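The values are calculated or read from the model by the stated rules, or taken from the named source; none is laboratory data. All values derive from a computational prediction rather than experimental measurement. Here the Cβ positions follow ideal geometry from the backbone for every residue, glycine too, while neighbour counts run over all protein chains shown. Each accessible area value is taken on the protein alone, full model and side chains, heavy atoms only, with ligands, DNA and RNA left out. Shrake-Rupley method; radii C 1.70, N 1.55, O 1.52, S 1.80 Å.
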Amino acid sequence: MTVTTLARRYVSSPEPAVAGRLRTLGGGTVHIYEDADGSLSSTCTGCGEYAWTLAVTHEFARDHAALCRRRPRRAAAA
């Protein structure tokens, strides 16, 4: 596989890559994603916060995980 092929697969991927997961004080999880453009985004299963800006960093996600005390909601039964 060539470097060009690798780059094309990365850029064309619509799904962000998982860059990390952090536990929150309330028992939730902050999921950190690296988007195709290299920016980071995060979601929290506790409070439901979705964050995406050029300022999102791993430190931003760690700070949120250290402060979020909301428990994750259970999925509704089908």
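Below is a table of values for the structure above.
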| read-out | value |
| --- | --- |
| Selected residue (criterion: modelled with the highest pLDDT) from residues of segment 44-53 that are under 18 Å from E15 (Cα atoms) and open to solvent by 40 Å² or more (accessible area, probe 1.4 Å) | Y50 |
| Neighbours by Cβ (under 9 Å, 6+ apart or cross-chain): first from segment 60-75, surrounded by 11 or more Cβ atoms within 10 Å (Cβ to Cβ); second charged (D, E, K, R) | H64/E49; A65/R23; C68/E49 |
